[in-house]
Each structure stands twice: as structure tokens, then as C-alpha cells.
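Report on the following structure.
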Amino acid sequence: MAAGLSLHDVSLQFGGVKVLSGVSFDVEPGSILGLVGPNGAGKTSLFNCISGHYRPTGGSITIDDTEVVGSAPSKLARLGLSRTFQHPALRLNATVLDNVLLGGHTRLPGGPVSWALGLPSTARAERDLRGEALAMLEGAGLGWAAHLPADELSHGLHKGIELWRALLSRPSLLLLDEPAAGLSHGEVDQLIASVRQIRDEHDITVVIVEHHMGLISALTDRVVVLDHGSKLMEGTAAQAQADPRVIEAYLGKDAADDAA
Ligand SMILES: Nc1ncnc2c1ncn2[C@@H]1O[C@H](COP(=O)(O)OP(=O)(O)OP(=O)(O)O)[C@@H](O)[C@H]1O
């Protein structure tokens, strides 16, 4: 079931440096929200607050009405949150299939002790999960790569593996941090198709941090624009691209005056 996400007055400070100030917005269950803004605007820091990697200095973050500020990433995973990172963290000498399988550990019965002991119930669940991960890779046209070591694949495929790994946990809320970074034109088109497929086939809410405005326009229902740690505006991708405040934040005041 797709999750609803609400941020209210979220702020974050490191020492004397304010990184986020009073950020509030809601993400409707089942929708795709883009989080955009110039370099250093605070997008990844906000993602880290939502995913429990940073603890906000103030404010509230709820997933389906459960307050999650202060929750560890492992607890958030159990609540249905999954995320990717700007730089995919893969085990390069493990196979593609084993990398994807890492995303499913929250679905295995028991805990680390029963996993290490290889109890029959765990072994059975792991076998089922392996079959599911393989089917997922085949469905994505990556079946040929399943048994190759991850380091034999391109950067674009590493990003794809991370996406399918995040999906194997069957998240209700998926956070994608710059999924198009470093991808070729064709790979971005493939990514857009994959995220559309994920949205259509899974009951899921997606939040994407991305600089690639083509991808943001193609995929998102709404965008939130951050600048200097604050929310500058919220609306559709087209409204954001036409907004003089957004043009000024990206390109400077002269460009905004020219566009007006
Ligand atoms: N752990 C940290 N300690 C101190 N400052 C930090 C920390 N994490 C982020 N910052 C600062 O917060 C600000 C926002 O960084 P952040 O990476 O969130 O921006 P961003 O919008 O994701 O940028 P980009 O698009 O370049 O990835 C930057 O000035 C950064 O230096």
C-alpha cells in the first residue's frame, strides 16, 4: 500500500551552519514528487532526514501518520521506506543477483542469528526471494547479467541494480537520489521507463532528487523546489520551470528578468 509522507517545519543545522530551514510539504500516497534545486540547496540532506541518516534539528516527518524523526534507517525500512544513493554502494565482487538480494533481507523471517545459522525456514524464504529477484531482473531485461560480478557492468547498470535492489524490499515509499546522474541519454530514457513501470505495477509513492529536468518533467506529478535550505515553491514541473524565482535561483537575477 503506497505511503503518505508529510514534512512539517523541518530544519537541520550542523554547528553554526543552517542546512534546512522550516521545510514543509506533503506527498500524496501513490504520487511521484520531484525534489529539485541548485547545488547545495539541501536536497540530499533532506533525503537523509527522511531516511533516518540525519536527525533534523527541528520539525516533524511522518510516514502514514507515524512520526519518524529519530527512527533508525532499519526501523524505517520495516515501515516500508527504501532509498537509493547518489553513488551506488554495491558489492562489486558479488554477482548482480546477490547485490539485488541484499535489498530483500527485511523480508526474511527471523534475524541475523537465524540467517547465520541457515535455519530451514530462512533457507526456504531465501530461495523464494532469489527466484523473485531473478524474475525482477529478467523483467527489466537484465537476466543476462544476473550471474556476472557487478564490477563487470557499466555505471548505468549499477544505477539500475540499485533501483531493483531498493524495490525487492517491496517498499511503500521509495526515495531516489539523483538516479540519472552520470547516465547517457539512452540510459535516462530506460530509467524513465523503469520508474513508470514501477509506479504502474507497484502500489508505491516515489520521491526523486534530480537535476535532470527532462526526467523530472516526464515522471513527476508535483515538484518542490529548494534553495538555500528553504522551500522556494511547490507546483507542477512546468510551473516550476516558468517561475521567475526558480529561474533566478538556478541562473541568477538577470536571467529571471530576461525571462519575465
Ligand atoms: N554532514 C554535514 N556536515 C556539514 N555540512 C553538511 C553536511 N551534509 C551537508 N552539509 C551541507 O549542507 C548543504 C546542502 O548540501 P546537500 O548535499 O544536501 O545539497 P544538495 O542540494 O543535495 O546538493 P547537490 O545537488 O550538489 O547534491 C551544503 O552546504 C553541504 O555542505
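For segment 94-117, indicate whether the set of residues that are out of contact with any Pro (no Cβ under 9 Å at 6 or more places or on another chain), hydroxyl-bearing (Ser, Thr, Tyr), more than 26 Å from residue 147 (Cβ to Cβ) and at pLDDT below 90 is non-empty. Yes, there is a match, as at least one residue in segment 94-117 is out of contact with any Pro (no Cβ under 9 Å at 6 or more places or on another chain), hydroxyl-bearing (Ser, Thr, Tyr), more than 26 Å from residue 147 (Cβ to Cβ) and at pLDDT below 90. Scanning segment 181-211 for residues that are free of Cβ contacts under 8 Å to residues at least 40 places away in the same chain and crowded, with 22+ Cβ neighbours inside 10 Å yields a count of 1.
Taking (1) more than 16 Å from the ligand (Cβ to nearest atom); (2) outside the structural domain of residue 39 (by TED's automatic domain parsing); (3) in contact (Cβ under 8 Å) with a residue 12 or more places away in the chain in turn, residue 159 satisfies each apart from (1).
Suppose the filter is in contact with a strand residue (DSSP E or B) (Cβ under 6 Å, 6 or more places away or on another chain), among the small types (Gly, Ala, Ser) and more than 22 Å from residue 166 (Cβ to Cβ); does residue 15 pass it? No, not satisfied. Can we say residue 178 is of a type in the set (Asp, Glu) and touching a His at 6+ places or on another chain (Cβ under 9 Å)? Against the criterion (of a type in the set (Asp, Glu) and touching a His at 6+ places or on another chain (Cβ under 9 Å)), residue 178 qualifies.
Taken over segment 35-81, the criterion of being in contact with a Gly (Cβ under 7 Å, 6 or more places away or on another chain) and hydroxyl-bearing (Ser, Thr, Tyr) is satisfied by 71 alone. Only one entry of 60, 11 meets the criterion of being under 24 Å from residue 178 (Cβ atoms) and among the small types (Gly, Ala, Ser), and that entry is 11. Just one of the listed residues (25, 85) is closer than 30 Å to residue 238 by Cβ and outside the structural domain of residue 177 (by TED's automatic domain parsing), and it is 85.
The values are calculated or read from the model by the stated rules, or taken from the named source; none is laboratory data. Everything numeric here is computed off the predicted structure, so don't read it as measured data. Positions of Cβ are generated from backbone atoms using ideal geometry, with glycine treated the same way; all protein chains shown enter the neighbour counts.
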